[in-house]
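The values are calculated or read from the model by the stated rules, or taken from the named source; none is laboratory data. Computed from a prediction, not measured in an experiment: that's the story for all the values here. Positions of Cβ are generated from backbone atoms using ideal geometry, with glycine treated the same way; all protein chains shown enter the neighbour counts. The protein model used for the area step is the full one, side chains on, heavy atoms only, and it has no ligands, DNA or RNA in it. Shrake-Rupley method; radii C 1.70, N 1.55, O 1.52, S 1.80 Å.
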Amino acid sequence: MVPEVPDTAVRAAFSRLRPRDIQFRHLASVRAVLHYMTVADPQRLSRMLGDIAPAQLLCAARLAHPDHLPALHAAFDYASDAPAVFSYMAGDFPPSVDIPVPSNARIIAGLVGLADGLPGSAVSHGLFPSPITKLARLSLASTGYFPRSEVLDAARSAYDTGHPYCAHDAVACALVHPDVSVGERIDLVAQLAALGPDGRAARGWRNRKKFWRIVRWAGLPPDTRRTG
(Lines give C-alpha, C1' and ligand atoms only; values in the text may rest on other atoms or scores of the structure.)
Protein backbone atom coordinates (compact mmCIF):
# COMPACT_ATOMS: atom_id res chain seq x y z
CA MET A 1 0.00 0.00 0.00
CA VAL A 2 1.36 3.43 -0.95
CA PRO A 3 1.64 5.65 2.14
CA GLU A 4 -0.38 8.87 2.31
CA VAL A 5 1.77 11.98 2.14
CA PRO A 6 0.60 14.70 4.54
CA ASP A 7 -0.48 17.98 2.98
CA THR A 8 2.23 19.81 4.92
CA ALA A 9 4.92 17.57 3.41
CA VAL A 10 3.61 18.13 -0.10
CA ARG A 11 3.49 21.92 0.32
CA ALA A 12 6.96 21.94 1.87
CA ALA A 13 8.41 19.82 -0.95
CA PHE A 14 7.06 22.03 -3.71
CA SER A 15 7.81 25.32 -1.96
CA ARG A 16 11.46 24.28 -1.49
CA LEU A 17 12.13 23.61 -5.16
CA ARG A 18 14.91 25.75 -6.62
CA PRO A 19 16.64 25.76 -10.04
CA ARG A 20 19.70 23.95 -8.67
CA ASP A 21 17.47 21.22 -7.16
CA ILE A 22 15.88 20.63 -10.53
CA GLN A 23 19.24 20.27 -12.24
CA PHE A 24 20.85 17.92 -9.76
CA ARG A 25 17.78 16.51 -7.98
CA HIS A 26 19.69 16.18 -4.75
CA LEU A 27 16.79 16.66 -2.33
CA ALA A 28 15.76 13.14 -1.34
CA SER A 29 12.63 14.38 0.45
CA VAL A 30 11.43 16.23 -2.64
CA ARG A 31 12.02 13.20 -4.86
CA ALA A 32 10.12 10.97 -2.46
CA VAL A 33 7.12 13.29 -2.22
CA LEU A 34 6.99 13.79 -5.97
CA HIS A 35 7.12 10.01 -6.43
CA TYR A 36 4.21 9.42 -4.09
CA MET A 37 2.19 12.29 -5.52
CA THR A 38 2.03 10.54 -8.89
CA VAL A 39 -0.72 8.36 -7.43
CA ALA A 40 -2.41 11.08 -5.38
CA ASP A 41 -5.83 12.56 -5.97
CA PRO A 42 -5.21 15.29 -8.60
CA GLN A 43 -7.90 17.53 -7.07
CA ARG A 44 -6.14 17.37 -3.71
CA LEU A 45 -2.84 18.24 -5.33
CA SER A 46 -4.44 21.14 -7.21
CA ARG A 47 -5.74 22.62 -3.97
CA MET A 48 -2.34 22.43 -2.33
CA LEU A 49 -0.46 23.89 -5.27
CA GLY A 50 -2.62 27.01 -5.18
CA ASP A 51 -0.44 28.31 -2.33
CA ILE A 52 2.90 27.65 -4.04
CA ALA A 53 4.85 30.49 -5.67
CA PRO A 54 4.75 30.39 -9.50
CA ALA A 55 8.53 30.02 -9.83
CA GLN A 56 8.42 26.85 -7.76
CA LEU A 57 5.50 25.57 -9.81
CA LEU A 58 7.55 25.97 -12.99
CA CYS A 59 10.40 24.11 -11.29
CA ALA A 60 7.94 21.33 -10.51
CA ALA A 61 6.85 21.27 -14.15
CA ARG A 62 10.41 20.43 -15.16
CA LEU A 63 10.51 17.52 -12.69
CA ALA A 64 6.91 16.49 -13.05
CA HIS A 65 5.57 13.05 -13.77
CA PRO A 66 2.73 13.30 -16.34
CA ASP A 67 0.26 12.71 -13.50
CA HIS A 68 1.28 16.06 -11.97
CA LEU A 69 0.67 18.18 -15.04
CA PRO A 70 -3.14 18.57 -14.77
CA ALA A 71 -2.73 19.86 -11.21
CA LEU A 72 0.02 22.23 -12.29
CA HIS A 73 -2.18 23.43 -15.14
CA ALA A 74 -4.96 24.11 -12.64
CA ALA A 75 -2.54 26.05 -10.43
CA PHE A 76 -2.05 28.43 -13.37
CA ASP A 77 -5.83 28.85 -13.77
CA TYR A 78 -5.88 26.50 -16.76
CA ALA A 79 -4.08 29.12 -18.86
CA SER A 80 -4.07 28.08 -22.51
CA ASP A 81 -0.33 28.78 -22.80
CA ALA A 82 0.65 26.71 -19.74
CA PRO A 83 1.16 23.33 -21.50
CA ALA A 84 3.57 24.88 -24.02
CA VAL A 85 5.47 26.57 -21.20
CA PHE A 86 5.68 23.29 -19.25
CA SER A 87 7.07 21.48 -22.29
CA TYR A 88 9.55 24.26 -22.99
CA MET A 89 10.76 24.47 -19.38
CA ALA A 90 11.31 20.70 -19.27
CA GLY A 91 13.76 20.83 -22.17
CA ASP A 92 17.38 21.76 -22.82
CA PHE A 93 19.11 25.05 -23.53
CA PRO A 94 19.01 26.21 -26.24
CA PRO A 95 15.53 24.78 -26.70
CA SER A 96 14.45 22.37 -29.42
CA VAL A 97 10.87 23.68 -29.31
CA ASP A 98 9.45 27.10 -30.05
CA ILE A 99 9.94 29.71 -27.34
CA PRO A 100 6.52 30.28 -25.74
CA VAL A 101 5.14 33.79 -25.36
CA PRO A 102 2.94 33.48 -22.27
CA SER A 103 0.23 35.99 -21.40
CA ASN A 104 -0.81 34.52 -18.05
CA ALA A 105 0.35 36.83 -15.24
CA ARG A 106 1.28 33.98 -12.89
CA ILE A 107 3.39 32.27 -15.54
CA ILE A 108 5.19 35.53 -16.33
CA ALA A 109 5.79 36.08 -12.61
CA GLY A 110 7.23 32.57 -12.39
CA LEU A 111 9.58 33.21 -15.30
CA VAL A 112 10.75 36.47 -13.72
CA GLY A 113 11.42 34.67 -10.45
CA LEU A 114 13.39 31.92 -12.19
CA ALA A 115 15.35 34.40 -14.32
CA ASP A 116 16.88 35.77 -11.13
CA GLY A 117 18.26 38.83 -12.87
CA LEU A 118 19.25 39.98 -16.34
CA PRO A 119 20.70 37.67 -19.00
CA GLY A 120 24.39 37.13 -18.31
CA SER A 121 24.16 37.95 -14.62
CA ALA A 122 25.25 35.63 -11.83
CA VAL A 123 22.42 34.05 -9.86
CA SER A 124 21.64 34.08 -6.16
CA HIS A 125 22.11 30.33 -5.72
CA GLY A 126 25.55 30.23 -7.38
CA LEU A 127 27.64 31.88 -10.06
CA PHE A 128 26.15 30.36 -13.21
CA PRO A 129 22.47 29.85 -14.03
CA SER A 130 20.86 26.44 -14.34
CA PRO A 131 19.20 25.47 -17.64
CA ILE A 132 15.74 26.34 -16.31
CA THR A 133 16.96 29.85 -15.47
CA LYS A 134 18.49 30.25 -18.93
CA LEU A 135 15.19 29.13 -20.47
CA ALA A 136 13.23 31.61 -18.34
CA ARG A 137 15.56 34.45 -19.39
CA LEU A 138 15.25 33.42 -23.03
CA SER A 139 11.46 33.38 -22.94
CA LEU A 140 11.33 36.81 -21.32
CA ALA A 141 13.92 38.23 -23.73
CA SER A 142 11.94 37.00 -26.73
CA THR A 143 9.02 39.17 -25.60
CA GLY A 144 11.17 42.26 -25.03
CA TYR A 145 10.77 42.07 -21.25
CA PHE A 146 14.42 43.01 -20.69
CA PRO A 147 15.68 46.38 -22.01
CA ARG A 148 17.34 46.02 -25.41
CA SER A 149 20.46 47.98 -24.46
CA GLU A 150 21.11 45.92 -21.34
CA VAL A 151 20.66 42.63 -23.19
CA LEU A 152 23.06 43.73 -25.95
CA ASP A 153 25.64 44.95 -23.43
CA ALA A 154 25.44 41.62 -21.59
CA ALA A 155 25.87 39.68 -24.83
CA ARG A 156 28.86 41.76 -25.96
CA SER A 157 30.65 41.08 -22.69
CA ALA A 158 29.48 37.47 -22.37
CA TYR A 159 32.98 36.00 -22.70
CA ASP A 160 35.06 38.82 -21.25
CA THR A 161 37.87 37.90 -18.89
CA GLY A 162 36.61 38.46 -15.39
CA HIS A 163 32.98 37.66 -16.19
CA PRO A 164 31.74 35.18 -13.58
CA TYR A 165 30.81 32.59 -16.22
CA CYS A 166 30.61 32.17 -20.00
CA ALA A 167 27.23 33.79 -20.55
CA HIS A 168 25.83 31.83 -23.48
CA ASP A 169 22.38 32.77 -22.19
CA ALA A 170 23.09 36.47 -22.78
CA VAL A 171 24.09 35.76 -26.38
CA ALA A 172 20.96 33.71 -27.03
CA CYS A 173 18.76 36.38 -25.45
CA ALA A 174 20.23 39.08 -27.69
CA LEU A 175 19.69 36.92 -30.77
CA VAL A 176 15.95 36.57 -30.04
CA HIS A 177 15.18 40.01 -28.59
CA PRO A 178 12.56 41.67 -30.81
CA ASP A 179 14.22 45.09 -30.58
CA VAL A 180 17.65 43.84 -31.68
CA SER A 181 17.85 44.16 -35.46
CA VAL A 182 19.22 41.50 -37.79
CA GLY A 183 22.17 43.79 -38.51
CA GLU A 184 22.93 44.15 -34.81
CA ARG A 185 22.73 40.38 -34.40
CA ILE A 186 25.17 39.86 -37.25
CA ASP A 187 27.55 42.46 -35.77
CA LEU A 188 27.30 40.78 -32.37
CA VAL A 189 28.22 37.38 -33.82
CA ALA A 190 31.13 38.90 -35.71
CA GLN A 191 32.41 40.54 -32.54
CA LEU A 192 32.11 37.40 -30.46
CA ALA A 193 33.71 35.33 -33.20
CA ALA A 194 36.72 37.71 -33.13
CA LEU A 195 36.20 38.59 -36.80
CA GLY A 196 36.50 42.33 -36.18
CA PRO A 197 38.99 44.60 -34.40
CA ASP A 198 36.90 44.47 -31.24
CA GLY A 199 36.47 40.69 -31.23
CA ARG A 200 35.87 39.25 -27.76
CA ALA A 201 35.57 35.59 -28.58
CA ALA A 202 34.69 32.73 -26.27
CA ARG A 203 37.79 31.09 -24.81
CA GLY A 204 38.36 27.35 -25.18
CA TRP A 205 37.03 24.95 -27.78
CA ARG A 206 34.07 23.86 -25.64
CA ASN A 207 32.83 27.41 -25.22
CA ARG A 208 33.37 28.19 -28.89
CA LYS A 209 31.42 25.07 -29.80
CA LYS A 210 28.54 26.16 -27.55
CA PHE A 211 28.68 29.68 -28.99
CA TRP A 212 28.37 28.45 -32.58
CA ARG A 213 25.62 26.05 -31.57
CA ILE A 214 23.60 29.03 -30.32
CA VAL A 215 24.32 30.99 -33.50
CA ARG A 216 23.10 28.07 -35.63
CA TRP A 217 20.07 27.63 -33.37
CA ALA A 218 19.17 31.31 -33.79
CA GLY A 219 19.01 30.82 -37.56
CA LEU A 220 21.16 33.73 -38.67
CA PRO A 221 22.01 34.06 -42.40
CA PRO A 222 24.53 31.42 -43.59
CA ASP A 223 27.30 33.89 -44.41
CA THR A 224 27.15 35.11 -40.82
CA ARG A 225 28.12 31.62 -39.72
CA ARG A 226 30.83 30.95 -42.27
CA THR A 227 33.55 30.59 -39.65
CA GLY A 228 31.49 28.39 -37.34
Based on what the data block shows, is Pro70 assigned to a helix (DSSP H, G or I), open to solvent by 60 Å² or more (accessible area, probe 1.4 Å) and over 27 Å from Gly117 (Cα atoms)?
yes
Residue by residue through the stretch 80-103, note down the ones that are in a loop (DSSP other than H, G, I, E, B), over 23 Å from Arg148 (Cα atoms) and open to solvent by less than 60 Å² (accessible area, probe 1.4 Å).
Asp81, Ala90, Gly91
Has the stretch 21-39 got any residue that is at pLDDT 75 or above and within 24 Å of Gly113 (Cα to Cα)?
no
If the Cβ limit is 8 Å and pairs must be 6+ apart or interchain, which residue in the stretch 159-181 that is farther than 13 Å from Leu140 by Cα pairs with which residue that is exposed (fewer than 13 other Cβ atoms within 10 Å of the Cβ) and among the hydrophobic types (A, V, I, L, M, F, W, C)?
Pro164/Leu127; Tyr165/Leu127
